[in-house]
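The structure appears right after this line, and notes come after that.
Each reported figure results from applying straightforward, stated rules to the coordinates on display, with no laboratory input. Since we're looking at a predicted model, the values are computed, not measured. Here the Cβ positions follow ideal geometry from the backbone for every residue, glycine too, while neighbour counts run over all protein chains shown.
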Amino acid sequence: MNTTKQKVIQKKLPREVYNALKNVVGEQWIYEQRSVVETYSKLSIEGFSFIKKHNKDPHVLPACVVLPASTEETQAIVRICNRYQIPFIPFTNGQVFCNPTTPDPTLIIHLSRMNKIVRIDVDNMNATVQAYVDYGQLQAETMKRGLWNGGSPLATSLCKLGSQFAFAGLWQTDLKYGLLNRNVVSVKMVLPDGEILTTGSRCIPKAGDFWEYGPGPDLLGLQRSGIGTNGIVTEITLKLHPWVGDEAFPEVPGGRPSLRDVHEPKYDSPAAPLKNHKLYWIEYQDLESQIKAMIEIAHSGIAIGLNATGVYSAYYCSQTQDMTVERCKNKFFPPYNCYVILANITSDKQIEYEEKVLQQIVKEHGGTFLSESYKPEVLEALKPWNYDCIRHSTGYRMNRKMYANAWLPQGPFENAFKTSREWKKALELFGEVDITDRGGADDTPFVYALQRGHFCLFETDNYPDPTLPEEIMKAATYGMYGAAAFIRNDMGPMLMAFLNAEPFTTMFPEAGPNAHLFMRKIRKVFDPNSVASPGRQVFTEEEWQQFPKEIKTAVNKMRQMQGLTAVE
Amino acid sequence: MTYYEKKPEKKFFEKELEDYRDSVWGCARCNWCQNQWGWNVKSAEFSEICPAFHEYRIFPYSGMGKMHIARAIIEGDFDYDDAPEVVKFLYTCTTCGACEMNCQRLQDKEPLQVNEVLRARFVRDGVGPMPEHKNLIKSVKNYDNPWMQPRTQRDRWAKKLPIKDANKEKVETLFFVGCTSAFDNTQWHVAQNTATILLKSGVDLGMLGKNEICCGSPVARIGDRETFIALAKRNIELLNSSGVKEIVSFCPGCFRAMTHDYKEIPGAPALKARVFHTAEYIDKLITEGKLPIKGELRMRVTWHDPCHLGRHLGIYDPPRRILQAIPGVELVEMERIKDQSWCCGGGGGARTAFMDFAQKTATKRLREAQKTGAQSIVTSCPFCEQNLGDAAGKMDDGIEVLDLTDLLIKVLDID
């Protein structure tokens, strides 16, 4: 081993804290070895954690990892953290925004032991799961009972439901079922000071899980998209909906791969969507006709999912990175396309009717269905979506390289044009990274039609080389520029992250001055010792003062490029 | 050079940890290395796939964790002295390859290879393997087998069987018995069954007897590349000079070594004979009508895919076809099968160093098998049979563990 390189040394917890934690979970479930904390320090899509790794910044290393088995153990841990003023960060998969950001010895509370489905209430159509249960697990169990939770996120069905509540929870079938946070009946949380909060009607003992607002005020709403700042979700109860598809996914006709031939496309090619479901791919001549058609489809009341994935299909549906790059280069997938998921929920005639409506709308807007007679090779390549449209499994292929910087603005359909326009400007200003999402510069921007088309999500991303810090910084610049651009254009808040996560919360006060100032006050009440996920959703004054000057300068530079005044 | 530009391809056994630098930096934390491929999940209970993560619940035991540890070691973020615990994380892995399967499918990366190269680095630098493995390596070096048995005992299982001596006479097909079936008398029946079945089918069968040597798989998996390469080269020379056209092996470890690992040794000559696993070979004999099956076996069984046979090399269907060819046998499948099969817990040196973990993993597999309603769990791997068999023996309601040939021999038309 090369020992001449600079080591990165972790801080350790004071022994009395360690011993107190050990008494809660037992010796088997507490770890402070150097290699263990390493695996909780570099995150998936958070560019700054990569930069810190390149810079050998010890602040990304937690001091200790502890694994509670229950809400009560989590509560005991949080109380110890308060007693000794030790910052803690809840952790599930570790894909986003969970890295330690403070110089203090930080505790990771890994919820991987809390992986049980607590109950599935078929009669009242809801399910209660612990924090580490994922979409795929819940789907598998509920589908057998003729129910499902209504979708799975594009970031794959491995996302933990409890974690997603801390963000927003975007699904492919949001058109009908809405975001995850519209499907939550109740959460049980350990608040930053160690109190246990149960929201919804369940807060009344034995009242049952049926109403998310509870006796009021709506504490659930206060906790949605809190990114962990307001507490740790240990249990979540979700609404279930009727499921009319197969009890389990049928075998893919191509069989099962081995390590010898795993990249053969046949293994990702389900013959057809699940029973009572259909998937249509439509190509348009230009972005304008596509967006107009999407508006009509969304508002017509048909379909459970309506999304345009643009260039992303090249990732999701390509079995290797080489194939992805080749398909992007050759524009294998049509530049303006979207997909529609139909489900036969009410009667045999439902899909027949919805197909007619869809065909009429597509015809009026000059669209063409991909079919056996029109671009069959593209339709064949898109087959992973036959199953992914219900339980997404190939989604994280987009992160094969590194998924740093994302623009995730929300808004009405016409914001697709603004997103595309702004992205073109960014491309001109900053140039490309190793793989650059064209983001609608010359094809469809990513568009997810949400909640019957009342609003949409748009997305553009960059994929820098993770081994090159300068590339990651360039990608991060896109992110900062995007945030400033959307503020200048009076566009809606970003979904999930960025404008509700620091440093953007503080550095873009225009995004929600009342909300963010209020959250800062709330944090003082909920988290008097500032121990919960420090620096995540909203800085305290002290944390803001400690925030690195160079990042403040970089963000201010982007603000000034957009004609916004600097934030001091 | 950017991340995914093609690099001059090296053979696996000359690759160093630094060759995986791009890959380990790019680990996406998608967590598919710990879980069944999404479309295959049929229940929450059987949705996970990494035995070590399932048991210990922290990331260093998973493929993803190894990627992060490898990154830190490559960049010098910590040293062996700072993290002596790493050796345990590396060797708790059963090398089942489930992480590699899902990571290749989704992220195009190689967590199992990274783990094996980490092991090789640790062995090279004298900080690995586990103490228990050192005896195994010593045995392979001294006795040409991992079981500390004298070479003279290697063919005891074959007494009274009319198998030709491939050292002395020309044969078409060589039965490469493998060390475990040759030396472990509780497994002799498998070698005897296999030989009997092949002979009954008219195969011109020979063996090397006392001259057979370890295929090298156990030391390759442990990370002792030097010993493995030396053994492999001896084996290639021995097998090529025997002039056999076919080699049949019952052990998936031997089968993988000869069909895959030997090709990954820089400068090693190619093995001339075609290598078959028993399941493949018997399936071929049945298809060609050469295996005289008579009688019936009224049994409900489930098939356990050995990782090195199934996930690593794609032999999924032949053993299933064999079971279905036996009159009266009903094959019922577990939830986790084929590429998503749950490991028995016995591979990669895990059983040697961490018996308790290996047995817990086996017990989980047996519970899954019981849920199918099968009377027996059938497989075709000496390590799976040892590990599952031992675990079944400790269960009050243990399911029977059988080798594929145990069933076949019962319906073979033998006078």
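With a ≥ b ≥ c taken as the square roots of the eigenvalues of the C-alpha gyration tensor of region B:110-221, please select rounded if a/c is under 1.5 and otherwise prolate if a/b is larger than b/c or oblate if it is not?
prolate
Mean separation of Cα pairs under 8 Å and 6+ residues apart, divided by the residue count of region B:133-284: what relative contact order is that in percent?
24 percent
Using modelled amide H (1.01 Å from N, peptide plane; none on Pro or chain starts), what sits under 5 Å from the amide H of B:V248, excluding residues fewer than 5 places away?
Residues meeting the criterion, in which the H sits 1.01 Å from N, are B:L174, B:F175, B:F176, B:F276.
Taking θ = phi - 60°, what integer Hz values does the Karplus form 6.51 cos²θ - 1.76 cosθ + 1.60 yield along region B:82-94, in sequence order, with x for Gly and Pro?
Listing the rounded values in order: 6, 9, x, 5, 4, 4, 5, 4, 5, 8, 6, 5, 8 Hz.
Filter A:K5/B:K15; A:K144/A:K278; B:K164/B:K284; B:K138/B:K164; A:K116/A:K266 down to the pairs with a C-alpha to C-alpha distance above 27 Å, please.
Correct reply: B:K138/B:K164; A:K116/A:K266.
Using Cα pairs under 8 angstrom and six or more residues apart, how large is the relative contact order of chain A, in percent?
Taking the mean separation of contacting Cα pairs over the length of chain A, I get 15 percent.
Which parts of region A:365-394 would a label at A:Q285 reach, counting a residue when its backbone N lies under 14 Å from a point 7 Å out along Cα-to-Cβ?
So the set is A:365-368.
If I take every Cα pair under 8 Å that is 6 or more residues apart in region A:249-383, average their sequence separation and divide by the length, what percent do I get for the relative contact order?
Across region A:249-383, relative contact order equals 34 percent.
Hey, with R₀ at 45 Å, roughly what FRET efficiency would A:K5 and A:Q560 work out to, going by the Cβ-Cβ distance, to 0.05?
Computed FRET efficiency for A:K5 and A:Q560 comes out at 0.75.
Quick query: amide H of B:M299 versus all other amide H atoms, modeled in the peptide plane; which residues come in under 5 Å with a sequence gap of 5 or more or a different chain?
Residues meeting the criterion, in which the H sits 1.01 Å from N, are B:V329, B:E330.
Counting only DSSP beta bridges with both residues in chain B, tell me the antiparallel percent, nearest 5.
Around 10 percent antiparallel, to the nearest 5.
With labels modelled as points extended 7 Å from the Cα through the Cβ direction, what inter-label distance (nm, one decimal) is found for A:E247 paired with A:V357?
Inter-label distance under the simple model: 3.2 nm.
May I have the convex hull volume per residue, in Å³, for the Cα set of region B:12-124?
Spread over its residues, the Cα hull of region B:12-124 gives 98 Å³ apiece.
Give the value in nm², to one decimal: projected area of the alpha carbon convex hull of region A:117-242, averaged over all directions.
Convex hull of Cα atoms, orientation-averaged projection: 7.1 nm².
Once you sort the root eigenvalues of the Cα gyration tensor of region A:265-397 as a ≥ b ≥ c, which label holds: rounded (a/c under 1.5), prolate (a/b larger than b/c) or oblate (the other case)?
oblate
Per residue of the protein assembly as shown, what 222 nm ellipticity follows from adding -39500 (n - 2.57) for every DSSP H run with n ≥ 4, rounded to the nearest 500?
Helices in the protein assembly as shown give a 222 nm mean residue ellipticity of -10500 deg cm²/dmol.
Do me a favour and compute the ellipsoid semi-axes for the protein assembly as shown from its Cα gyration tensor, root of five times each eigenvalue, largest one first, whole Å.
So the three semi-axes of the protein assembly as shown are 50, 32, 27 Å.
Once you order the gyration tensor axes a ≥ b ≥ c over the Cα atoms, which shape class does region A:15-110 get: rounded for a/c under 1.5, otherwise prolate or oblate by comparing a/b with b/c?
Here region A:15-110 falls in the prolate category.
When Rg is the radius of gyration of the Cα atoms in region B:294-411 and Rh is its Kirkwood radius, what does Rg/Rh come to?
0.95
Subtracting the Cα-Cα distance from 0.36 nm times the residue separation, let me have the gained length for A:S300 to A:E510 in nm, one decimal.
Full extension from A:S300 to A:E510 adds 72.1 nm.
Loop sites only, by DSSP: take the GluC sites (Glu not before Pro) in chain B that have at most 11 other C-beta atoms within 10 Å and name the longest stretch containing none of them.
Free of exposed loop sites, the longest segment is B:10-168.
So if R0 is 25 Å, what FRET efficiency would A:H263 and B:A325 give, r being the distance between their Cβ atoms, rounded to the nearest 0.05?
Approximately 0.20, to the nearest 0.05.
By a straight-distance test (C-alpha under 20 Å), which lysines pair with A:K418 as possible cross-link partners, with residues fewer than eight away in the same chain excluded?
List returned: A:K292.
State the antiparallel share, in %, of DSSP beta bridges confined to the protein assembly as shown, rounding to the nearest 5.
Of all bridge pairs located within the protein assembly as shown, approximately 65 percent are antiparallel.
For a quick size check, give me the Cα extents of region A:389-527 along its three principal axes, largest first, whole Å.
Rounded to whole Å, the extents work out to 44, 39, 33 Å.
What is the antiparallel percent of DSSP beta bridges lying wholly in region A:15-110, to the nearest 5?
Beta bridges within region A:15-110, antiparallel portion: roughly 20 percent.
Run the reach check for B:K141 against aspartates and glutamates, Cα to Cα strictly under 17 Å, same-chain hits fewer than 8 apart removed. What comes back?
The qualifying aspartates and glutamates are B:E132, B:E212, B:D224, B:E226.
Within region A:230-326, report the trypsin sites (Lys or Arg not before Pro) that DSSP leaves as loop and that have at most 16 other Cβ atoms within 10 Å.
Passing sites in region A:230-326 are A:R260, A:K275.
Would you pull out the residues with amide H under 5 Å of B:L412's amide H, same chain only if 5 or more places away, H placed 1.01 Å from N?
The list, which skips near neighbours in sequence, is B:K294.
Report the charge-dipole magnitude of region A:196-308 in Debye, nearest 20, computed about the Cα centre from +1 at each Lys and Arg Cβ and -1 at each Asp and Glu Cβ.
Computed charge dipole of region A:196-308: roughly 340 debye.
Starting from 0.36 nm per residue, how many nanometres of slack lie between A:T346 and A:K206 once their C-alpha separation is accounted for?
Once the chain is fully extended between A:T346 and A:K206, it gains 47.1 nm.
Could you give the length gained by full extension between B:A230 and B:I293, i.e. 0.36 nm per residue of separation minus their alpha carbon distance, to one decimal place?
Stretched out fully, the B:A230 to B:I293 stretch lengthens by 18.5 nm.
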